[in-house]
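Below is one structure, written out as structure tokens, with a few remarks after it.
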Amino acid sequence: MITINDVSKVYGRGEKAIVALDAVNLEVPQGEIFGVLGESGAGKSTLIRCVNLLERPSSGSIVVNEQEITSLSGPALRKARQRIGMIFQHFNLLSSRTIAENVAFPLEVMGYNRAQRQERVKELLALVGLENRARAYPAQLSGGQKQRVGIARALAGKPDVLLSDEATSALDPQTTLSILELLQDLNQRMGLTILLITHEMGVVKQICHRVAILEAGKVVEQGRVSDLAAQP
Ligand code: ADP
Ligand code: ADP
């Protein structure tokens, strides 16, 4: 579960300061898919980068599974990062490495030995339906397959939460649907908590249990998707 308490993020100083997040409060329950919906510039990427510890909020706190993460540094920070998986709009795969090597990469960093890596990579590729493509290179895969690799890599270290930054924005509608179904399946089968950001209401309606709407750095609405859908 993720709790975001009064988080603000200001870029720059003085007259040029940009308030990217303005006292944001969110609660992502364990085992749910939570969507943050907003237009370009609303602050979605900033929010997800704060949860992923790529960015520090200017104020406020973020708690992931009972651990306050914004004040961490050094080894504790690296350890906390491993508890959080992330997938990206443009997949961020290493083009000179095979699919198996891409998925094994975080495992290497976490200290898995060779045999453990091989076994875990096999499991992960099976989980995303790519067991036959282990030796292929990213350039040989379709967009949807690349995102499956991204998902396998993100789940390598058995994270508590998966963060998704516009993970289907570069995909066609049919491929988008298959990736959303995979995320939904992982949520249902493993109880994976997912925090995703998107500019598409369709994504929210398809898989999210809850949604927060972000406008100019502020949460203007938050609730269960079924309740929002019931409004005229
Ligand atoms: P998105 O809306 O998907 O975040 P952008 O093109 O706005 O994509 O941003 C891409 C990257 O550039 C992000 O990592 C963001 O932090 C950074 N960025 C966005 N706006 C600015 C800015 N005004 N100054 C510096 N970096 C920025
Ligand atoms: P979104 O992901 O919803 O498009 P962002 O979080 O990328 O929104 O951006 C929110 C605001 O913060 C925008 O005005 C953007 O230009 C600004 N911004 C984002 N990253 C940076 C950065 N690294 N430096 C300065 N301004 C930034």
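Every number here is computed from the coordinates shown, using simple stated rules; none is lab data. All of these numbers come straight from a predicted model, not from anything done at the bench. Cβ coordinates were reconstructed from backbone atoms using ideal geometry, including for glycine residues, and neighbour counts include every protein chain displayed.
Remarks
- Both radii were evaluated on the Cα set of region 1-137; the Rg over Rh quotient, with Rh as the Kirkwood radius, amounts to 1.03.
- Across all directions, the average projected area of the convex hull around the alpha carbons of region 173-224 is 3.9 nm².
- Expected 222 nm ellipticity per residue - DSSP helices of 4 or more, -39500 (n - 2.57), all of the chain, to 500: -11000 deg cm²/dmol
- Difference of contour (0.36 nm per residue) and Cα-Cα distance, Glu215 to Thr175: 11.6 nm
- Per-residue packing, averaged as other Cβ atoms within 10 Å, sorts the ranges 62-71, 32-41 into the order 32-41, 62-71, beginning with the highest.
- Three-way shape label, region 144-232, alpha-carbon gyration tensor, a/c 1.5: prolate
- Extension gain (nm, one decimal) between Gln30 and Ser71, 0.36 nm per residue minus Cα-Cα: 12.5 nm
- Extended-chain gain in nm, criterion 0.36 nm per residue less alpha-carbon gap, Arg135 and Asp227: 28.6 nm
- Sorted from longest to shortest, the spans of the Cα atoms of the chain along the three principal axes equal 50, 46, 32 Å.
- As a ratio to 2.2 N^0.38 Å, the alpha-carbon radius of gyration computed for region 1-70 takes the value 1.11.
- Burial ranking of peptide ranges 154-164, 187-197 (average Cβ count within 10 Å, highest at the top): 154-164, 187-197
- 5 Å-binned pair-distance histogram of region 75-200 (Cα, whole percent): 2, 11, 22, 25, 22, 12, 4, 1, 0
- P(r) weight above 12 Å for region 64-108, C-alpha pairs, percent: 71
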